[in-house]
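Novice: Handing you a structure now.
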Amino acid sequence: MSEAVSAVITSAPYLLEGMGVTLALVAISLLIGFLCGIALTLGQVYGPRFVKRLVDIYVWFFRGLPNIVLLFLFYFALFPMTGFDVPAFAVAVVVLGLRSAAYQSQIFRGAIESIADGQMLAARSLGMTRWQSIRTVILPQALRLSLPGWANEYPVLLTDSAVAYVIGVAELLTRTAQVISKTGEPMVLYLTCAVIFILLNYGGMMLIQRVEKKVRIPGFGNNEVTDT
Amino acid sequence: MDAATNLTTNATALSGITDFLSETWAHILAEIPFWQDILLPALWDGLIVTLQLVALTAPFGFLLGLLVAVARVYGVRPVRWAAQLYVIFFRGCPLLLLLFILYFGLPSVGIVLGSFLSALIGFILCNSAYNSEYLRGALQSVKGGQMTAAQALGMTKLQAVRYIVIPQALRKALPGVSNEFIYLIKYSSLAYVVTVIELTGAAKIIASKYFAYFEAFAAVGVFYLVIVTIATLSINRLEKKYAIPGTGAGKGT
């Protein structure tokens, strides 16, 4: 038992660094997913028909494939075809981000569609252009409405980020496995890793709930919009 | 201008195109044996293992999830806490890590499950934890008056839960539970990491052995897209059929 404890203590700095990599992976993917997600939503809701079809296909593709298959496809096949030597971390961020964009776009779409059409008409009748109405009237409301659904993306991405292990990104799980292959003690180290993930999960959720309370639209109660 | 040169350039361009086409055609023909004799048979075998994993996980994951949900809503305090701890652990722990614990961790304390069983148990634990959340929400959304009314008619609490609350809750939880089923199809691919040769594992083996990464992963991607699309379409029909009229169910919450 004391051997196990010392294994955890001596490997702690290495594992904590891995925790940093995991958090970076999650944060950057969330950001990519957010930006691409909004672009996809706008294309799907307001774009011409062929753009709508394209977004549909994008969402169908990224939601229909397992994470691990996407990672393999991008890491072993698509990126090598471009001829650039892209590091595993970048591939993981791109895959997780593009995949999250597909899910996030459906959350935003639900929120936009839940805002009454009258808002758009009113904005247009005040002389705003279509784009102005979307940007200054629809989106500010839609983004606040979609926060409860959006908050779900954090735990999803956090647990999914561990799959980056399969292409060798040095995140928390990969490093735990490396330490185990040197020191043994698989049970204790894996459980330590699990506890770190669970703490990150609930710590992050609590943070998000605080933000949620702050930006809630007064009088809207807990109108939840989730992806359907 | 010079019609003769024009004609010859046209002719060379044309022969360039036909050369390119016949080369591509030859390339495709050369690829056929690889697909027919190596890649597709391996993927079919993998598909069967994937379907086995999914078919075995889904019912157990659902029943265990229902049990945990009932424990969380109607259990006495220590049972409630235990159920909550269960959900926190199995939802918060990445599935891949859970599989590592079952497959690489447990043997160190003397429990050897083997790869298929490790994957299966991991999937059931994960699936049930997520399902229990949908089911708990549905159980709690059934109005309290229903329980009171059932007990006023002389039912015991257990009877009321079983005959009055659960049947209503199941229909409300259907969108969430069926969504989780789609996720299950996709995360069954993680079994590859603990050496179960399912779809993804089969593709990875062929890809590395024949250095055909694009072909293998594109093909396996098509397999998953087809399965997931079929499952989604049939679930949509199921949801429409069992939606409680007038509640607008069918929208996942």
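The values are calculated or read from the model by the stated rules, or taken from the named source; none is laboratory data. Treat the numbers as computed from the prediction; the structure is a model and nothing was measured. Quick reminder, even Gly has a Cβ in these numbers, built from the backbone with ideal geometry, and neighbours come from all protein chains shown. SASA here: full protein model, heavy atoms, side chains in, ligands and nucleic acids out. Shrake-Rupley method; radii C 1.70, N 1.55, O 1.52, S 1.80 Å.
Novice: Assuming a ≥ b ≥ c are the square roots of the Cα gyration tensor eigenvalues, decide whether the range B:94-253 counts as rounded (a/c under 1.5), prolate (otherwise, with a/b larger than b/c) or oblate.
Specialist: oblate
Novice: Let me ask another. Show which aspartates and glutamates lie in cross-link reach of B:LYS204 when reach means a straight Cα distance below 12 angstrom and same-chain residues fewer than eight apart are skipped.
Specialist: Result set, ordered by chain and number: B:GLU215.
Novice: Given a 1.4 Å probe and no ligands, DNA or RNA in the count, how much accessible surface is buried by B and A, both sides, to the nearest 100 Å²?
Specialist: The buried area between B and A, both sides summed, comes to about 3100 Å².
Novice: Applying 1/(1 + (r/R0)^6) with R0 = 22 Å to the Cβ-Cβ distance of B:SER208 and A:LYS182, what FRET efficiency is obtained, to the nearest 0.05?
Specialist: Efficiency for this residue pair is about 0.30.
Novice: For the range B:46-124, what class follows from the C-alpha gyration tensor (a ≥ b ≥ c being the square roots of its eigenvalues): rounded when a/c is under 1.5, otherwise prolate if a/b is larger than b/c, else oblate?
Specialist: Oblate shape, in that a/c is at least 1.5 and b/c is the bigger or equal ratio.
Novice: Let's test the formula: R0 of 35 Å, r as the Cβ-Cβ distance of B:LEU67 and A:ALA27. What FRET efficiency results, to the nearest 0.05?
Specialist: Step by step, r from the Cβ atoms, then E = 0.45.
Novice: If the chain between A:VAL51 and A:TYR202 were fully stretched, how many nm would it gain, using 0.36 nm times the residue separation less the Cα-Cα distance?
Specialist: Extending this stretch completely gives an extra 50.6 nm.
Novice: Accessible surface of A:VAL51 in the full protein assembly, 1.4 angstrom probe, to the nearest 10 Å²?
Specialist: Roll a 1.4 Å probe over it and A:VAL51 shows about 40 Å².
Novice: Here's something else I'd like to know. How much accessible surface area, in Å² rounded to 10, belongs to the heavy atoms of B:LEU233 with a 1.4 Å probe?
Specialist: B:LEU233 has an accessible surface of roughly 110 Å² with all protein chains in place.
Novice: Okay, next question. Can you tell me, using C-alpha contacts under 8 Å and at least 6 residues apart, the relative contact order of chain A as a whole percent?
Specialist: 31
Novice: About the Cα centre, and with charges only on the beta carbon of Lys, Arg (+1) and Asp, Glu (-1), how big is the dipole of chain B? Nearest 20 debye, please.
Specialist: Magnitude of the dipole: close to 2160 debye.
Novice: To the nearest 20 debye, what is the magnitude of the charge dipole of the protein assembly as shown about its Cα centre, counting +1 on the Cβ of each Lys and Arg and -1 on the Cβ of each Asp and Glu?
Specialist: The dipole of the protein assembly as shown has a size of about 2400 debye.
Novice: Under the 0.36 nm per residue contour assumption, what length would be gained going from the current alpha-carbon distance of B:LEU117 and B:LEU85 to full extension?
Specialist: So the chain would gain 9.2 nm between B:LEU117 and B:LEU85.
Novice: Using a 1.4 angstrom probe and counting only protein chains, how large is the accessible area of A:CYS36 in Å², to 10?
Specialist: For A:CYS36, solvent-accessible area is about 50 Å².
Novice: Considering only B:LEU99, B:TYR86, B:TYR74, whose Cα is most displaced toward the positive end of the charge dipole of chain B, charges sitting on Cβ of Lys, Arg (+1) and Asp, Glu (-1)?
Specialist: My answer, from the dipole projection, is B:TYR74.
Novice: Mind giving me the nanometre distance, one decimal, between the label points for A:PHE61 and B:VAL222, set 7 Å out from Cα along Cα→Cβ?
Specialist: Roughly 1.5 nm, to one decimal.
Novice: What FRET efficiency would be calculated for the residue pair B:TYR242, A:LEU16, taking the C-beta separation as r and a Förster radius of 51 Å, to the nearest 0.05?
Specialist: In this case the efficiency is close to 0.60.
Novice: Now for a different question. Which of A:LYS52/B:LYS186; A:LYS52/B:LYS209; B:LYS143/B:LYS240; B:LYS186/B:LYS240 have a Cα-Cα distance over 31 Å?
Specialist: Pairs exceeding 31 Å: A:LYS52/B:LYS209.
Novice: Further question: How many nm separate the modelled label positions at B:LEU153 and B:GLN36, each set 7 Å beyond the Cα in the direction of the Cβ?
Specialist: Those two pseudo-labels are separated by 6.5 nm.
Novice: Who wins for biggest fluctuation among B:ALA119, B:ALA11, B:ALA207 in a Gaussian network model of chain B, springs between alpha carbons below 10 Å?
Specialist: Comparing B:ALA119, B:ALA11, B:ALA207 in a Gaussian network model of chain B, the most mobile one is B:ALA11.
Novice: Just how large is the dipole of the range A:37-130 about the Cα centre, in debye to the nearest 20, putting +1 at every Lys and Arg Cβ and -1 at every Asp and Glu Cβ?
Specialist: Roughly 260 debye, rounded to the nearest 20.
Novice: Taking only C-alpha pairs under 8 Å that are 6+ residues apart, what is the relative contact order of the range B:1-158 in percent?
Specialist: In percent, rounded to a whole number, it is 28.
Novice: Still on this structure, please answer the following. In what order, largest first, do A:ARG144, A:ARG210 sit by accessible area if the probe radius is 1.4 Å?
Specialist: Per-residue accessible area, sorted high to low, gives A:ARG210, A:ARG144.
Novice: Under the classification rounded if a/c is under 1.5, otherwise prolate if a/b is larger than b/c and oblate if not, where does the protein assembly as shown fall, given a ≥ b ≥ c as square roots of the Cα gyration tensor eigenvalues?
Specialist: oblate
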